[in-house]
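Shown next, in C-alpha cells, is the structure this report addresses.
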Amino acid sequence: MSATENPGRQSSVVQRLAAPHSGPVPFSVEFMPPKTSDDEARLWHAVRTFERMNPAFVSLTYGAGGSTRERTTRIAGELATTTTLTTVAHLTAVNHSIAELRGLIGAYAAEGITNILALRGDPPGDPLGEWVEHPDGLRYASELVELIDSLGEFHVGVASFPEGHHRAPNLAADTGNLVRKLRAGAEYSVSQIFFDVEDYLRLRDRVVAADPEQGAKPLIPGLMPITSLASVRRMVQLSGSALPADVEERLARAAGDGPEEDRAAVREVGIDLCTEMSERLIAEGAPCLHFCSLNFARATSEVLERLGIDTRGALTPA
Ligand SMILES: Cc1cc2nc3c(=O)[nH]c(=O)nc-3n(C[C@H](O)[C@H](O)[C@H](O)COP(=O)(O)OP(=O)(O)OC[C@H]3O[C@@H](n4cnc5c(N)ncnc54)[C@H](O)[C@@H]3O)c2cc1C
C-alpha cells in the first residue's frame with residue numbers, strides 16, 4: 001500500500017527510505033526515553049533540531065524488561081502526533097506475557113504508531129546474564145514479529161548484528177536467525193552499532209547468500225559518533241563486543257595518558273571515524289545511516305554536515 005492510500009497513517013520505514021531526501025543517503029536517528037524533565041527538554045531540543053533535516057525516520061528505545069513502558073509509549077505517541085517525523089517504537093518481549101505484549105502493541109496503535117522494531121530484549125540488570133523466558137511470554141524476536149503482524153497493519157523491523165549476536169553459537173546461526181526474522185514478516189533490519197564496516201558488508205553478503213529475497217530488504221547500519229572513550233568501551237563491553245584494535249588505538253592516542261581523557265580530542269577523532277565509516281557505507285550502497293544520538297544533536301549533526309546533508313543551520317550558534 002502506498003502512503004497516499006491512507007493519508008492518516010504514518011509512512012512505513014521502507015516507504016520513507018524511497019522518499020526524496022537531502023544529501024547522498026537517507027538518515028535516521030535513535031532516541032531514548034528521558035528520565036528527568038531536564039533530560040526531556042534535551043530530547044525535544046534534539047528532536048526539533050533533527051526534524052528540520054528531514055530524517056527518513058526516528059526511533060525510540062524501550063527500556064529493558066518494560067522499565068520505560070509508560071515513557072516510551074507516551075513519547076513515541078508525541079513524536080508521531082506532534083512532529084512531522086515517521087516514528088518507530090521499539091518493543092522488547094523479555095519479562096512480558098503475551099497478553100501484556102498485546103496490550104502494549106494496542107497502546108502503540110492508539111498513539112498512532114504503526115512502525116515497531118521487534119526485539120527480544122536482554123535480561124534486565126545484567127544484559128549478559130542468563131535469559132529467562134516469561135512463563136506466558138515469547139522466546140525469540142521472530143515470534144514477536146508474528147504477534148505484531150497478527151494484530152493489525154503494522155510495519156515491523158528487527159535487529160541485526162554485524163559482529164554476530166553474543167548468544168549465537170556462530171555467524172552462520174546468527175545469519176540464520178536474521179533471515180528467520182525477515183521471513184517472519186520483518187520489512188527491514190537495523191544493525192547493532194559497529195566500528196568496522198567490513199563486519200556490516202560481510203553480514204549483508206551472508207544474508208544475500210542465505211536468501212536473496214530477504215537479502216534484498218534494507219539492512220540499515222547503526223552508527224554512533226564517539227565522544228568519550230570510557231563510555232564507548234563500557235557500551236561495547238555491555239553488548240558482549242570489543243572495539244577494533246585500530247579504532248581503540250586512534251581513540252587512545254587522542255585521549256592521552258593523563259588522569260582524565262582529553263574529551264575534545266576524543267570527540268574530534270570520534271567524529272572523523274564516524275564520517276569515514278559513513279562515507280564508505282554510502283559508497284557501498286547502504287540504504288540509510290542510523291545514528292544513535294543518546295538524545296544529543298550536535299555530534300551527529302557535525303557528521304551529517306560533513307557528509308553534505310543539509311543540516312539547516314543546526315551548527316550555527318543562534
Ligand atoms: C537496532 C537495535 C535496537 C535495540 N533496541 C533495544 C531496545 O529498545 N531495548 C532493549 O532492551 N534492547 C534493545 N536492543 C538490544 C536487543 O534487545 C538485544 O541485543 C537482544 O539480546 C537480542 O534481541 P533480538 O531481538 O536480536 O533477539 P532474537 O532475534 O530473538 O535473538 C536472540 C538470540 O536467540 C537466538 N535465536 C533466535 N531465534 C532462535 C531459534 N529459533 N533457535 C535458536 N536460537 C535462536 C539468536 O541467534 C540470538 O542469539 C536493540 C538492539 C539493536 C541491534
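The values are calculated or read from the model by the stated rules, or taken from the named source; none is laboratory data. Keep in mind that this is a model prediction, so the values were computed, not measured. Cβ coordinates were reconstructed from backbone atoms using ideal geometry, including for glycine residues, and neighbour counts include every protein chain displayed.
Can you find, within segment 226-251, the residue that is nearest to Ala172 (Cα to Cα) among those that are touching a residue at least 60 places away in the same chain (Cβ under 8 Å) and out of contact with any Leu (no Cβ under 8 Å at 6 or more places or on another chain)?
Ser241
Would you check which residues across segment 294-317 are out of contact with any helix residue (DSSP H, G or I) (no Cβ under 7 Å at 6 or more places or on another chain), modelled with pLDDT of 95 or more and among the basic types (Lys, Arg) and list them?
Arg298 - this is the single residue of segment 294-317 that is out of contact with any helix residue (DSSP H, G or I) (no Cβ under 7 Å at 6 or more places or on another chain), modelled with pLDDT of 95 or more and among the basic types (Lys, Arg).
Kindly indicate which of Arg71, Arg9, Arg16 is under 27 Å from Leu101 (Cβ atoms) and in contact with a strand residue (DSSP E or B) (Cβ under 6 Å, 6 or more places away or on another chain).
Arg16
Which members of segment 56-78 meet the condition of being of a type in the set (Ser, Thr, Tyr) and away from the ligand (no atom under 11 Å from the Cβ)?
Of everything in segment 56-78, just one residue is of a type in the set (Ser, Thr, Tyr) and away from the ligand (no atom under 11 Å from the Cβ), namely Thr73.
Is it the case that Asp174 is over 19 Å from Tyr62 (Cβ atoms), out of contact with any strand residue (DSSP E or B) (no Cβ under 8 Å at 6 or more places or on another chain), surrounded by 16 or more Cβ atoms within 10 Å (Cβ to Cβ) and of a type outside the set (S, T, N, Q)?
Yes.
Return the total of residues in segment 120-139 being within 11 Å of the ligand (Cβ to nearest atom), surrounded by fewer than 19 Cβ atoms within 10 Å (Cβ to Cβ) and among the hydrophobic types (A, V, I, L, M, F, W, C).
Final tally of qualifying residues: 2.
Write out, first by first residue and then by second, each pair whose Cβ atoms fall under 6 Å of each other, whose residues are 6+ apart or on separate chains, and whose first residue, in segment 125-137, is touching a residue at least 60 places away in the same chain (Cβ under 8 Å) while the second is not in a loop (DSSP other than H, G, I, E, B).
Pro127/Leu238
Any chance segment 145-158 includes a residue that's near the ligand (Cβ under 10 Å from one of its atoms), among the small types (Gly, Ala, Ser) and touching an Asp or Glu at 6+ places or on another chain (Cβ under 7 Å)?
Looking for residues that are near the ligand (Cβ under 10 Å from one of its atoms), among the small types (Gly, Ala, Ser) and touching an Asp or Glu at 6+ places or on another chain (Cβ under 7 Å), one finds at least one in segment 145-158, hence yes.
Can you spot a residue in segment 129-136 that is more than 23 Å from Leu79 (Cβ to Cβ) and of a type in the set (A, V, I, L, M, F, W, C)?
Within segment 129-136, one or more residues are more than 23 Å from Leu79 (Cβ to Cβ) and of a type in the set (A, V, I, L, M, F, W, C).
Within the set of pairs 6+ apart or on separate chains, which have a first residue in segment 160-171 that is touching a residue at least 40 places away in the same chain (Cβ under 8 Å), a second that is near the ligand (Cβ under 6 Å from one of its atoms) and part of a loop (DSSP other than H, G, I, E, B), and C-beta atoms under 8 Å apart?
Phe161/Ala168
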